[in-house]
């Protein structure tokens, strides 16, 4: 029986184990596919006809061929064939085709959005939690309908 790591089930070497290089290389292949992970495009149900070593895809629902039964996993092509890696909550991959991050939340892949509490650029928060809505202008002694219409039309409702 092969012991495996807790998060990504990488094979661990055991004392007195024969062919340690096989287990070590299998673990390195998995790390190579997961480290700074990138996929060729959005989730796909069918494996490509001519994958290149190192290319990865996310296996979509209804997978066929060699990908059958590996839905939501990262499928990576290696010199030894397909390797399937189960994502853990927080796993991110770069979708090369769309130019966006995909994020595994524990039950599904995101569509390119990443959860965040704020957006900080050069140490300055530029986007944060949504503030209360600005009310429409009212009151005052002088009514300027054009100004009020302009302000009202620019408010998000």
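The values are calculated or read from the model by the stated rules, or taken from the named source; none is laboratory data. All of these numbers come straight from a predicted model, not from anything done at the bench. Note: ideal-geometry Cβ built from the backbone for every residue, glycine included; neighbour counts use all protein chains shown.
Would you pick out the residues in segment 87-142 that are in contact with a strand residue (DSSP E or B) (Cβ under 6 Å, 6 or more places away or on another chain) and in a strand (DSSP E or B)?
92, 93, 94, 95, 101, 102, 103, 109, 119, 126, 127
For residues that are out of contact with any strand residue (DSSP E or B) (no Cβ under 7 Å at 6 or more places or on another chain) and not in a loop (DSSP other than H, G, I, E, B), scanning just segment 8-29, find the one that is nearest to residue 90 (Cα to Cα).
28
Considering only residues of segment 22-67 that are in contact with a helix residue (DSSP H, G or I) (Cβ under 8 Å, 6 or more places away or on another chain) and buried (at least 18 other Cβ atoms within 10 Å of the Cβ), which is nearest to residue 110 (Cα to Cα)?
Restricting to residues being in contact with a helix residue (DSSP H, G or I) (Cβ under 8 Å, 6 or more places away or on another chain) and buried (at least 18 other Cβ atoms within 10 Å of the Cβ), the top hit is 59.
Tally time: how many residues in segment 90-126 are surrounded by 10 or more Cβ atoms within 10 Å (Cβ to Cβ) and at pLDDT below 85?
The number of residues fulfilling the criteria is 3.
Right, residue 8: free of Cβ contacts under 8 Å to residues at least 60 places away in the same chain and surrounded by 15 or more Cβ atoms within 10 Å (Cβ to Cβ) or not?
no
Does at least one position in segment 66-73 carry a residue that is out of contact with any strand residue (DSSP E or B) (no Cβ under 8 Å at 6 or more places or on another chain) and outside any loop (DSSP other than H, G, I, E, B)?
No, the conditions are met nowhere in segment 66-73.
Looking at (1) under 28 Å from residue 6 (Cβ atoms); (2) assigned by TED's automatic domain parsing to the domain that holds residue 52, which one does residue 99 not meet, given that it meets all the others?
(1)
Out of the residues in segment 68-86 that are over 17 Å from residue 102 (Cβ atoms) and without any contact (Cβ under 8 Å) to a residue 40 or more places away in the chain, state the one that is surrounded by the most Cβ atoms within 10 Å (Cβ to Cβ).
77
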